Amino acid sequence: MPFKNRSFSPSRYSVIFTLVLLLLSKAVIAQTPKPPKDENFSPGTDVSLGLMGQMTFARNPTTFAVYPEWTVANEQTQAASPSAGALVTFHGAMKPYLGYNINFSYTRFTQTDSEGSGYVPGQGTNPPLGGGSFSAGALDTHMYELTVAYAFYGPRSKRFRTFGQLGGGGLFFEPINASFAHPETRPAMVFGVGAEYDVSSHFSVRAEYRGLFYKMPDFGIDNGFPKQRLFSVTNTPAISLVYRFKASAKKQSTVGPI
């Protein structure tokens with residue numbers, strides 16, 4: 001019996017060509033080196049407890065109003081006494097550039113407010129006398145912080161890391177033994193940088209600078225206490241002991257908390 005001629009159709013050629021390309025691509029992918037892994041980072045969570053200082057520099061803006069007969073000067077002052085406090089931070093790291101901080105802190109200090117005005121007669125005024133007014137007050141208060149921040153890494157090595165944070169939240173002020181003053185809440189921005197050093201696979205020591213930007217409270221006082229709400233920066237440097245919930249058993253300091 002004669003055999004019939006069989007010819008491959010174009011579709012059969014395309015199938016074979018596609019299979020050959022797939023096999024070649026798999027071989028190329030298998031030979032392609034993977035990008036190097038950052039051995040100084042692995043995701044994880046940690047909690048820290050530390051001692052912080054609170055330093056708020058005095059704000060004393062002064063304004064002048066000039067008239068033909070006299071010049072009036074007005075000055076306001078708000079300040080807080082230096083104090084110590086406690087800081088607790090819960091941190092999670094997903095990527096070297098992606099993490100979060102939840103910050104809780106407490107301190108107490110004395111807030112001092114004052115307000116004064118005075119006028120100086122212009123030249124040619126007879127008699128050349130001046131005058132003015134002044135009021136001041138001080139109030140002890142508790143300050144509680146609750147902030148949430150975006151956290152990220154800076155340069156780091158196997159046991160040493162640098163980091164930064166930027167976020168916001170609230171500050172809660174509670175007057176102490178002052179029935180005429182009212183508790184107040186202020187929105188605040190938190191920012192900071194710091195460094196951390198591993199002492200074991202689960203523990204590290206952290207040193208950081210933190211700043212809080214907000215308007216100071218006036219406590220709603222109506223008995224002559226100067227009512228001011230000046231923008232201020234509270235500096236809260238801190239030293240903390242950090243515990244990591246997840247750490248590599250083979251290698252220390254692979255989890256880099258902020």
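Can you tally the net charge around T141? Count Lys and Arg as +1, Asp and Glu as -1, for every other residue whose Cβ sits under 10 Å from the Cβ of T141. Spell out each step's value before the answer.
Numbers: positive: R108; negative: D140, E174, E184.
The answer is -2.
Overall, the ratio between the Cα radius of gyration of region 175-223 and 2.2 N^0.38 Å, rounded to two decimals, is 1.91. Remark: region 153-165, residue by residue, has Karplus-estimated 3J(HN,Hα) of 8, x, x, 8, 9, 5, 10, 10, 9, 10, 7, x, 8 Hz, where x stands for each Gly or Pro and the curve is 6.51 cos²θ - 1.76 cosθ + 1.60 at θ = phi - 60°.
Summing +1 for each Lys or Arg and -1 for each Asp or Glu among the other residues whose beta-carbon sits under 11 angstrom from that of R59 gives 0.
Taking all protein chains as shown and a probe of 1.4 angstrom, D222 keeps an accessible surface of around 130 Å². Above 17 Å, the calculated P(r) of region 50-114 contains 65 percent of its Cα-Cα pairs. A simple rule links phi to the HN-Hα coupling: the Karplus curve 6.51 cos²θ - 1.76 cosθ + 1.60 with θ = phi - 60°, which for region 191-208 gives 8, x, 9, x, 8, 9, 10, 6, 10, 7, 5, 10, 10, 8, 10, 10, 10, 8 Hz, with x for Gly and Pro.
The values are calculated or read from the model by the stated rules, or taken from the named source; none is laboratory data. All values derive from a computational prediction rather than experimental measurement. With ideal geometry, Cβ positions are generated from the backbone for all residues, glycine too; neighbour counts draw on all protein chains shown. For the accessible areas, the whole protein counts, side chains as well, though only heavy atoms, and no ligand, DNA or RNA atoms are used. Shrake-Rupley method; radii C 1.70, N 1.55, O 1.52, S 1.80 Å.
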